[in-house]
1. Anything in region B:353-398 that is small (Gly, Ala, Ser) and over 22 Å from the mean Cα position of the chain (by Cα)? List them, or say none.
2. Does C:Leu164 qualify as being closer than 29 Å to C:Arg79 by Cβ and not in a helix (DSSP H, G or I)?
3. If I filter region B:149-157 for residues that are among the β-branched types (Val, Ile, Thr), out of contact with any Pro (no Cβ under 7 Å at 6 or more places or on another chain) and modelled with pLDDT of 95 or more, do I get at least one hit?
4. State all residues of region B:264-311 that are among the charged types (D, E, K, R), facing chain A (nearest Cβ under 10 Å) and either free of Cβ contacts under 8 Å to residues at least 60 places away in the same chain or surrounded by 18 or more Cβ atoms within 10 Å (Cβ to Cβ) (or both); if no residue qualifies, say none.
5. Among (1) surrounded by fewer than 24 Cβ atoms within 10 Å (Cβ to Cβ); (2) not in a helix (DSSP H, G or I), there is one condition A:Ala125 misses while meeting the rest; what is its number?
6. May I ask you to verify whether A:Val305 is assigned to a helix (DSSP H, G or I) and touching a Ser or Thr at 6+ places or on another chain (Cβ under 8 Å)?
7. Tell me the residue from B:Ser333, B:Ser343 that is among the hydroxyl-bearing types (Ser, Thr, Tyr) and under 20 Å from A:Met318 (Cα atoms), please.
8. Give me the pairs: first residue in region A:364-390 and closer than 12 Å to A:Thr39 by Cβ, second residue charged (D, E, K, R), beta-carbon distance under 7 Å, and six or more apart or on different chains, which are they?
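The values are calculated or read from the model by the stated rules, or taken from the named source; none is laboratory data. The model shown is predicted, which means the values in this text are computed figures rather than measured ones. Note: ideal-geometry Cβ built from the backbone for every residue, glycine included; neighbour counts use all protein chains shown.
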Amino acid sequence: MTAYYFRLAWISIRRNPLLTCLMIGAIALGIGVSMTTLTLYYVMSSNPLPAKSERVFAVQLDTWSPDEPYYDRDGGAPPPLLTYPDAMALMASDIPTYQATMMHRGFAARLDTSGSRPERIGARATYGDFFAMFDVPFLYGSGWDRQADERADRVAVIGRETNNKWFGGEDSVGRTINLDDEVFRIVGVIDNWRPVPKFYDLNNGGFSDAEQLFVPFQVPIQLEYQAHGNTNCWKPEIIESYAQFLQSECVWLQHWVQLDDAEQKAEFQSFIDGHALEQRELGRFQRPLDNRLNDIMQWLDFRRVVSADNALLVVLSMMFLVICLLNTVGLMLAKFINRAPLVGVRRALGASRRDVIQQHAVEVLLIGVAGGIVGLGLAWIGLIAVRSWYDDYEYLARLDPFMVLTAVMLAIVAALIAGLYPTWRISHIQPAIHLKTQ
Amino acid sequence: MEFRPILSTLLRNRTGALLIALQIALTMAVVINSVFIILDRAETMRQPLGIDEEALIVAHVISVGGDVDVRSVTEQDIRVLEAIDGVERVAKISTMPLSNSGSSSTYHLSEEPRSPTVGVAYYEGDMNVLETLGLEITRGRWFRDEEIIYDPDEGAVPAVTILSDSAAKEFFGDEDPLGRFIYTGTGRGIEVIGTMRMLSRPWYNWGNFYDTALMPFVEGNYQYVIRVDPARREALVPVIEQALVDIDPDRLVARTRTHLETIANTYARDIAMNRMLSIVMLLVVLITSLGIIGLASFSVAQRRRQIGTRRAIGARRYHILRYFLVENWLITSGGIALGLVLSFVVNHFLVSEYNMPKLDAIFLPLVAVGLWFIGLLATLGPARNAATIDPAIATRNV
Amino acid sequence: MLKMEEVSKIYAAGLIETHALRNLSLDVSDGEFVAVTGPSGSGKTTFLNIAGLLESPSKGRYVLDGDDVSALNDNQRSRIRNEKIGFIFQGFNLIPDLNIVDNIDVPLRYRRLPAAERKSRIMAALDVVGLTSRKNHLPSQLSGGQQQRVAIARALAGEPRLLLADEPTGNLDSLMARQVMELLEGINDLGTTIIMVTHDPELARRAGRNIHLLDGQVSDFQPLDPPPDTGDDTVRDVA
């Protein structure tokens, strides 16, 4: 019987191609627009490190001004960055499985000083634990050890793309590069690694690519560099040297720790609270105790990585989908009611209401599937447009199998909802009325 | 007019009319809120910066390693660049309006650390900044050559500053700012020697867009801003970059681009948002129009016989046309009435959830008139079809 | 075959009640050929609709083929229509998008018959009405008479116990009308009960029995010259 209904649906679709196209078009547009915004939203709010996102924490210490909180919202929240002295105090703890303080900094990089021109390359200065903590995949070699961290060794880990550019993709471990006129030895090459969002540093755009160069944290400190990112200060202090800057209340460093269970987390929480209370004796940490450990998803939420604009687009596009559905309801109703005399004949010849409902449901289903497929194409085009409008959305606005499935399911559900009332109406017509000729 | 019979017919065929009215109401809510956001962003993006941005190119040059004499290097670079045909003036500056990176600080009104403060974004630069950016001095004077400090010590505080009119008003109200001082948190005073008409901040979404100050400092890693003939702007970008490389190939020369490009980059999200909202709005109107056409055609097809009968008993074509237009007008009006309420409900939600601006009532009549017009336009085709129905259909038997 | 006792049908439209049938009692035996006549608005079509289980009586009892069918639900009535009743309409009511075979196939599909049996029944029915050569045509490619013969084939294919015909020749010229009438007589001869609504006294005379309706009741006297009928005597509802 199902095959029979499919045949009837096909005949009906062919009989009214324009109306059918309108219905498919309405559903497709609704799906296309809503899937474009939903995909953006979905990717933006995705988990960049699913394997351990609940065990890796961004540290917040409330070192801010006693007069006002750093964030006004929710009755005040501590700054997202740490001061240098606090970051160093945390690094001295051996509670976390891994931990790393870090900053972003640009370098003038070239292979060697003979001939090649320097180019600007963004680097992450951090501790060797960074790679293990964030499960960074290595193509060649590895990160550096604690000793290299302590001695500020001139070692570097480079990304696959940079390795391709400078070394033609060969194993470059042991080779050297020149950064700001100093020689660095390459100890590792990381494979493609692109956490979306770039959770560990949201200051330079939450969706920019991971760095292609990593050096020990103490290297830029020795070179007396400030970070390329946000540096926020609240306290009037005389800062006439780099040493004074390092000791100041300015916040400018990201700090991440890995804590594998609740016990370890509690221990570290009491460690940082203890540090804060100790510092309070020295005149710092004058705000109420508010030191936080945010796991990755909490952190992305706190930093509002998904912008209000994206949420708003989802709301508006959902309203658009509803409009498209109302449209489809109207068109289906028109089409089905127009066919009432034929349904009347079928009812007279013995079709039950269920037969009529099934026949029309199959037609609605076909329209839904077609709308979903066309809508998927529209979403694909929409995402190409979105990628061209935002330069950092290159890897963001892409459809994955989950979203493809969601789109088709959404289209079918949408079509079935749209078809519900028209199908009910057509199955409840009085056959006798439609049998007499006009 | 024949409102009452049309209305009673409508009430008996509720579903179709209700569907259209609901679509129009939702369309209105989407369109009004989108238009409002679009105009709000467009207004933000239209704010003047106080500089001649269409004539400016910015280049970043960083010396790698070793100590350099910032003044002589800067002067040499400027000499070379100004010799290029099409380049009018070159200055060295810490950052640029709307470049999305820069510094701001709060300054006190007195040495007393508890005294009131005003936050300003500050630019540091050389003598040429005035002419290169196209700033306008409104009171007092520009810097003197000897006031410009090259490669200042870490933590040094300049002796003099020029405030924007807006910042001067924040500090001193309507009093004369010349000769007055503003103070750092550690109590060091900076004399205000002049004011400029307008200079915007490097970022636009944190308020106080025009509260800025200029400081006479030049550091080695500052950027060059180059005033060129706007007609040759794009062509000069590679010429300028090559000239800078040729001076010393061991320096890092990066991100040479027109300032308009930088501004477009800064506004990229708002531009994209406006594009997406415009597309959604356009599609909403399109879909709703098609819906109206579809259902109007259906309603005409269903009533062919009735229309024929009306024609047979003397209704003129014009009456039939009018009938359908009035019918649609009634439905559209119902939708608009519902849409007014819905628009405010949606806006209220957007304001509370997403910090969107509150709806301005002035848009409502505009969008309502637009929807009436679209409704009539969409009905016109089917209504004209109805008007051409042959009166003989009334007496024909199939 | 068919027995109605005190059947009434009342249509309520707003405040106005229309009594389409008033306490109608009627008996039709197996194999009869009954013509139902009456002026416009006399309740002929309502009677046929109730007889064909397209509508339920407001009051009274209706026994079809030994079963009381006056209070069945929609689903059960659909089933009886499908298995026991065949319809022939004035306007043929073929489905325009389906060819002849598929049109005849419709009631058989709803009976969920296997494909082979459906096929043999369709071919047999086509043979009876003499349209085997046209089996792949669309209704629009046939003349009115041929279309009505397809409709008859469709009714026959279900092998109904009762055939209900509503002005079966109303849209046909006299030659075609005669062919259709002969076909119906042939079917009746094979044992199928036929009830035919008509306003044509000529046709009515060819039936085995005439029932004349007036104001929703069986009238006892036979008018000599029935008034012309527009054929439109239902109380219409607007969908």
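1. Kept after step one, since they are small (Gly, Ala, Ser), are these residues of region B:353-398: B:361, B:368, B:370, B:375, B:378, B:381, B:383, B:386-387, B:392, B:394.
Passing the criteria: B:Ala368, B:Gly370, B:Gly375, B:Ala378, B:Gly381, B:Ala383, B:Ala386, B:Ala387, B:Ala392, B:Ala394.
2. Values: closer than 29 Å to C:Arg79 by Cβ: yes; not in a helix (DSSP H, G or I): yes.
Considered against the rule, which asks whether it is closer than 29 Å to C:Arg79 by Cβ and not in a helix (DSSP H, G or I), C:Leu164 comes out as yes.
3. Within region B:149-157, the subset among the β-branched types (Val, Ile, Thr) is B:149, B:157.
After this cut, where a residue has to be out of contact with any Pro (no Cβ under 7 Å at 6 or more places or on another chain) as well, the list is B:157.
With modelled with pLDDT of 95 or more added as a condition, the list becomes none.
No, region B:149-157 has no match at all.
4. Once the filter is applied, which keeps residues that are among the charged types (D, E, K, R), facing chain A (nearest Cβ under 10 Å) and either free of Cβ contacts under 8 Å to residues at least 60 places away in the same chain or surrounded by 18 or more Cβ atoms within 10 Å (Cβ to Cβ) (or both), region B:264-311 yields B:Arg269, B:Asp270, B:Arg275.
5. (1)
6. Numbers: assigned to a helix (DSSP H, G or I): no; touching a Ser or Thr at 6+ places or on another chain (Cβ under 8 Å): yes.
When the stated conditions are applied, A:Val305 does not pass them.
7. Values: B:Ser333 fails: under 20 Å from A:Met318 (Cα atoms).
Testing whether each residue is among the hydroxyl-bearing types (Ser, Thr, Tyr) and under 20 Å from A:Met318 (Cα atoms) leaves just B:Ser343.
8. Every condition considered, the pairs that remain are A:Leu383/A:Arg398; A:Arg387/A:Glu394.
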